[in-house]
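Student: My questions all concern the structure below.
The values are calculated or read from the model by the stated rules, or taken from the named source; none is laboratory data. As the structure is a prediction and not an experimental result, all values here were calculated from the model. Every residue, glycine as well, gets a Cβ built from its backbone with ideal geometry; the counts of neighbours run over all protein chains shown.
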Amino acid sequence: MSNVLLKAERLEFSFGERLVLNGVDLTVQPGEVVALLGRNGAGKTTLLKMLNGLLTPARGTVMLGNRTLDELSLPERARRSAYVPQSITSAFPMRVIDVVLLGRRPYVTWRLSKNDIKIASDTLATLGLDAFAFRRFTELSGGERQQVVMAKALAQEASLLLLDEPTSDLDLNNQIGVMKRIRSVVDDMDQRAAVIVMHDLNAAAAYADRVVLMHEGRVEAVGRPEEVLTEANLAKVFMVEASIDVAPTDGRLRIHVHDEVSASVMHHTKQGDER
Amino acid sequence: MPDVVGAYIEGQRKRLASLFIASALTLVAALLSMGFGSSESLSMGATLRLLFGLQASEGLQREILLNLRLPRVLVALAGGAALAMAGTMMQGVLGNPLVSPLTLGVASGAGLGAALAIVLDISVFGQAEFAILGNAFLFAMMVVAIIIKLGDMSTVTAESYILVGIAITFIAGAMVQTMQYFATDAQISQLTHWSFGSLSRPSLQHALWISLFVVVMLPSGLVAAWDLNTLAVGGDDFAAATGVDPRSTRRSVLILSATLTAVVISFTGIIGFLGLVAPHVSRLLVGNDYRTLLPFSAVMGAAVLLVADTIGRTLFAPIVLPVGVMLSVIGGPFFLYLLLSRRGRA
């Protein structure tokens, strides 16, 4: 068990009366892409924020490597894990390069070295954003901004990437591009892993090594996509009727969603805003 | 592939150069300003020689220079720098471009303190001026204490600070109005004069103290430049995920800004527009990276306050127009021009 990037145990959290997380365990190994799936309000974003220390669990512990989050200072956490929120709005028109350079904040006190600037520039290039370097962050589209924040996260050189719906604002082509890049960032660099909150089941099946299916604050199922994304699980968690097969061309799992599960069972679910 | 590294370094060099040029121009303007006044004008050389006692003083010249113009110019430079920097920092930690040093209610607190001293006719060591100054500072610092207390609360957000500031402004305003209702005409006139904002009140000794205070405090703002960047770009979660503690950064930066504001405003009266305009003009000119933005807006604030005051005291000399009024008259249209022409780069 020495080679574990992240280990969260028995996490509990509530917003007021509402129990958002109820005993969640999660372990992430280097080289893994883990998809967090579930309905709105299932606790995915809450869990992601907790893994990064943005929220403190009422019970349970999060360990990054061999240290608990409490033992790590904020800059130490930021050197180990990087978080990309779902959307980001900014009141001040910073340049894209300046935003990406913030990823070097955990490493510098005041002065940036040439190496820091090079890392930021290389990250922009990796994500195909170099033409944007001197454009204003505020003038980009939502999807582009999210990409820039991802570049900033990569510039943090953290081993664990925590991404909240990184493709939610992107067109189809860019969705595939981003998922591939996340995959290659994890595959190409030693000791890296990503935990991604997502809604696209087919993308999860295609790019994730493991899927964590969350339901009402608990982990309903966890494992390889073909183990977790079953018709029964999808009916229970998402309240949809789906059929699942394997594509003859590339052997990928294909999820076809047909309809919602009939209304008689719907009254069991509680809907709430995802926090 | 574009050379991002080279272009970035080149851009930084240009900003540093513009910072130096702006500082040099401001110093020259300060020397020139000391040469102007209702009495005979002095050349820059003569001003320098008189200041350093290298030239035998003819009559009142040195007296006027040292006791009237020098304190004024010092307060303009130090006060302008302090208010502009306070505004720039507060906008960053509150994530709001509409924020100015007046937002937290510090100036309203000072106004209430001054009003109390005037209406109750308090004097300290037989001097009413002292009482007004001291009471204004006391009440401004009470607002700073409220800000500190607020920062200790676990649920405080950027909005809470702004809302509390607005509440304090209303409460203090209502109390001042109540006092005005019962005050004599002379007191009302004195109070109105106080609220105009003026650089003529501080003595040379006061001016030196203000300058020393500002010079000592400004570096602690600069140290926070990176943290200000992360908060200004993405707010609390973004900052925390970047290794910056948003709450403690906000708390310490606001205390610093409020204290700077309190010190300056107690001596000068209310100077409002500067702390909003200087940050924005600087943003348009050098961009939003606080590492260059902060020093640049300090220089910009010093320059704008100096120029506004110099015009105010020379335009209709010997009548001196209040600098607060001059700021709005000159700064307002200039600000609009910059915004509308979008001349800003970077």
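Student: Pull up the range A:55-73, narrow it to residues that are in contact (Cβ under 8 Å) with a residue 24 or more places away in the chain and hydrophobic (A, V, I, L, M, F, W, C), then point me to the one that is farthest from A:Val185 (Cα to Cα).
Tutor: It comes out as A:Ala58.
Student: Let me ask another. Anything in the range A:117-130 that is out of contact with any Phe, Trp or Tyr (no Cβ under 8 Å at 6 or more places or on another chain), facing chain B (nearest Cβ under 7 Å) and of a type outside the set (D, E, K, R)? List them, or say none.
Tutor: Listed by number, the list holds a single entry, A:Ala125.
Student: Follow-up question, since we're still on this one. Where in the range B:174-273 are there helices (runs of 4 or more DSSP H), lying wholly inside it, with at least 1 residues that are within 14 Å of chain A (Cβ to nearest Cβ) and either closer than 18 Å to B:Pro71 by Cα or of a type in the set (Val, Ile, Thr) (or both)?
Tutor: B:204-223, B:225-240, B:246-268
Student: So for the range B:177-198 (the condition being hydrophobic (A, V, I, L, M, F, W, C), modelled with pLDDT of 90 or more and loosely packed, with under 14 Cβ neighbours inside 10 Å), does at least one residue qualify?
Tutor: no
Student: What number of residues within the range A:74-125 are farther than 23 Å from B:Arg247 by Cα and either of a type in the set (S, T, N, Q) or touching a Lys or Arg at 6+ places or on another chain (Cβ under 8 Å) (or both)?
Tutor: Residues in the range A:74-125 being farther than 23 Å from B:Arg247 by Cα and either of a type in the set (S, T, N, Q) or touching a Lys or Arg at 6+ places or on another chain (Cβ under 8 Å) (or both): 10 in total.
Student: Turning to a different aspect of this structure: Residues of the range B:1-32 being without any contact (Cβ under 8 Å) to a residue 12 or more places away in the chain and of a type outside the set (A, V, I, L, M, F, W, C), which ones?
Tutor: Quick first cut of the range B:1-32, residues without any contact (Cβ under 8 Å) to a residue 12 or more places away in the chain only: B:1-10, B:13-14, B:17, B:20-21, B:24, B:27.
Hits for the range B:1-32 are B:Pro2, B:Asp3, B:Gly6, B:Tyr8, B:Glu10, B:Arg13, B:Lys14.
Student: Considering A:Ala82, A:Ala42, A:Ala35, which residue is at the interface with chain B (Cβ under 10 Å from one of its Cβ atoms) and in contact with a helix residue (DSSP H, G or I) (Cβ under 9 Å, 6 or more places away or on another chain)? Give the derivation first.
Tutor: Numbers: A:Ala42 fails: at the interface with chain B (Cβ under 10 Å from one of its Cβ atoms); A:Ala35 fails: at the interface with chain B (Cβ under 10 Å from one of its Cβ atoms).
Exactly one residue qualifies, and that residue is A:Ala82.
Student: Tally the residues that are in a loop (DSSP other than H, G, I, E, B) and within 20 Å of A:Val185 (Cβ to Cβ), restricting the search to the range A:128-141.
Tutor: The initial filter retains those residues of the range A:128-141 that are in a loop (DSSP other than H, G, I, E, B), namely A:128-129, A:133-135, A:140-141.
With within 20 Å of A:Val185 (Cβ to Cβ) added as a condition, the list becomes A:128-129, A:133.
Selection size over the range A:128-141: 3.
Student: Hey, another quick one. Please work out if B:Thr268 is in contact with a Ser or Thr (Cβ under 7 Å, 6 or more places away or on another chain) and either buried (at least 24 other Cβ atoms within 10 Å of the Cβ) or closer than 24 Å to B:Glu159 by Cβ (or both). Before you say what the answer is, go through the steps one by one.
Tutor: Values: in contact with a Ser or Thr (Cβ under 7 Å, 6 or more places away or on another chain): yes; either buried (at least 24 other Cβ atoms within 10 Å of the Cβ) or closer than 24 Å to B:Glu159 by Cβ (or both): yes.
So B:Thr268 passes the test.
Student: Pick out the one residue from B:Met142, B:Met90 that is in a helix (DSSP H, G or I), at pLDDT 90 or above, within 21 Å of the chain's Cα centre (by Cα) and surrounded by fewer than 23 Cβ atoms within 10 Å (Cβ to Cβ).
Tutor: B:Met142
Student: Being under 23 Å from A:Arg183 (Cα atoms) and within 12 Å of chain B (Cβ to nearest Cβ) is the filter here, so list the residues in the range A:133-146 that pass it.
Tutor: Residues satisfying the conditions are A:Arg145, A:Gln146.
Student: Here is a check on your reading of the model: is B:Leu294 within 15 Å of the chain's Cα centre (by Cα), in contact (Cβ under 8 Å) with a residue 24 or more places away in the chain and either in a loop (DSSP other than H, G, I, E, B) or within 14 Å of chain A (Cβ to nearest Cβ) (or both)?
Tutor: When the stated conditions are applied, B:Leu294 passes them.
Yes/no per residue for (1) on the phi < 0 side of the Ramachandran plot; (2) buried (at least 24 other Cβ atoms within 10 Å of the Cβ); (3) touching a Pro at 6+ places or on another chain (Cβ under 8 Å); (4) hydroxyl-bearing (Ser, Thr, Tyr):
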{"position": "B:Ile64", "(1), (2), (3), (4)": "yes, no, no, no"}
{"position": "B:Val99", "(1), (2), (3), (4)": "yes, yes, no, no"}
{"position": "B:Ala107", "(1), (2), (3), (4)": "yes, yes, yes, no"}
{"position": "B:Ile146", "(1), (2), (3), (4)": "yes, no, no, no"}
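Student: A follow-up question, please. Return a yes/no flag: does the range B:305-318 have any residue that is touching a residue at least 60 places away in the same chain (Cβ under 8 Å), surrounded by fewer than 19 Cβ atoms within 10 Å (Cβ to Cβ) and under 23 Å from B:Ala86 (Cα atoms).
Tutor: no
Student: Tally the residues that are of a type in the set (Ser, Thr, Tyr), within 21 Å of B:Phe238 (Cα to Cα) and in contact with a strand residue (DSSP E or B) (Cβ under 6 Å, 6 or more places away or on another chain), restricting the search to the range A:46-67.
Tutor: Just the residues of the range A:46-67 that are of a type in the set (Ser, Thr, Tyr), to begin with: A:46, A:56, A:61.
Imposing the further condition that a residue be within 21 Å of B:Phe238 (Cα to Cα) reduces the set to A:46, A:56.
Checking the rest, the ones that are also in contact with a strand residue (DSSP E or B) (Cβ under 6 Å, 6 or more places away or on another chain) come to A:46.
Selection size over the range A:46-67: 1.
Student: Of all residues being within 14 Å of chain B (Cβ to nearest Cβ) and of a type in the set (Val, Ile, Thr) in the range A:147-196, which is farthest from the chain's Cα centre (by Cα)? Just the residue, please.
Tutor: Result: A:Val148.
Student: If I filter the range A:88-116 down to residues being within 16 Å of A:Glu139 (Cβ to Cβ) and touching a strand residue (DSSP E or B) at 6+ places or on another chain (Cβ under 9 Å), which single residue comes out as farthest from the other protein chains (Cβ to nearest Cβ)?
Tutor: Taking the candidates together, the pick is A:Val96.
Student: Name every residue in the range A:82-127 that is surrounded by fewer than 19 Cβ atoms within 10 Å (Cβ to Cβ) and either assigned to a strand (DSSP E or B) or among the basic types (Lys, Arg) (or both), in order of residue number.
Tutor: Once the filter is applied, which keeps residues that are surrounded by fewer than 19 Cβ atoms within 10 Å (Cβ to Cβ) and either assigned to a strand (DSSP E or B) or among the basic types (Lys, Arg) (or both), the range A:82-127 yields A:Arg111, A:Lys114, A:Lys118.
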